[in-house]
1. Against the conditions (1) at pLDDT 90 or above; (2) surrounded by fewer than 15 Cβ atoms within 10 Å (Cβ to Cβ), where does residue 39 fall short? Just the number, please.
2. Residues that are over 30 Å from residue 196 (Cα atoms), touching a helix residue (DSSP H, G or I) at 6+ places or on another chain (Cβ under 7 Å) and surrounded by 14 or more Cβ atoms within 10 Å (Cβ to Cβ): does region 82-100 have at least one?
3. For region 245-277, which residues satisfy the criterion of being without any contact (Cβ under 8 Å) to a residue 24 or more places away in the chain and not in a strand (DSSP E or B)?
4. Which condition breaks for residue 221 when tested against (1) in contact with a helix residue (DSSP H, G or I) (Cβ under 7 Å, 6 or more places away or on another chain); (2) at pLDDT 85 or above?
5. Please go through (1) surrounded by fewer than 20 Cβ atoms within 10 Å (Cβ to Cβ); (2) modelled with pLDDT under 85 for residue 193 and return the number of the only condition it doesn't satisfy.
């Protein structure tokens, strides 16, 4: 029920990322005393920054779609997914804020800053794991994007990297970590978006009619229509009996009629269901047969 994302746009940030990571990894690992790759640095930094921006826009789109479905189809299942998506977005934002602070003064990063960053990434990875319901493929991707780097930051090799490489390389490395975090968030939001349920609002059973007494000529008669399968959003449903509209509460509508003559009588029931996303209206019609008694 959500707007499909163009295939190229959907996957391009990942394609660009894995193509770039080889060049970026080699550049960061190259001996810091040389300037062989100096001319490559602006290109890499610009590409990484653009990648972060593209991934963030995609994440905002996915979260918007999740909100739209959850608002339209009010079910506890959808609300749980909405809460997970919002929590994942907030946790990645905390990580982004910390990386942003470190990027502003890369030459002043201390050992305790690196340790705190490693702990923050580890917490982020563990939290995102909880949102993908033990999906082995997604867990493997999150391991590569987040948890491997959290573990690497605690090694002597990475400690030496922060102490000895130029500030520009440190800033580029931190920018790359920011990209990895928003890519990890994209994987989680994509998973949650696919799990959210748009209720198709199709009545699977004929409504059950329940009389509250025997209908008699000239006396007010109350009947109940029990909609065994009904739309979860009450604003999307309208029920009419003999062209008069009656409210539906928790799948039950009560109507009142006064019958002028004895004998067989037919009440016409019509139900209109409006798709809250598309505005499309589905109509269902039924008949209720009653035997009207003399007073």
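The values are calculated or read from the model by the stated rules, or taken from the named source; none is laboratory data. All of these numbers come straight from a predicted model, not from anything done at the bench. Neighbour counts run over all protein chains shown; Cβ positions are idealised from the backbone, glycine included.
1. Every condition holds for residue 39 apart from (1).
2. Checked against the condition, which is being over 30 Å from residue 196 (Cα atoms), touching a helix residue (DSSP H, G or I) at 6+ places or on another chain (Cβ under 7 Å) and surrounded by 14 or more Cβ atoms within 10 Å (Cβ to Cβ), region 82-100 yields at least one hit.
3. Result: 247, 248, 250.
4. So the condition that residue 221 fails would be (1).
5. Against the list (1) surrounded by fewer than 20 Cβ atoms within 10 Å (Cβ to Cβ); (2) modelled with pLDDT under 85, residue 193 comes up short only on (2).
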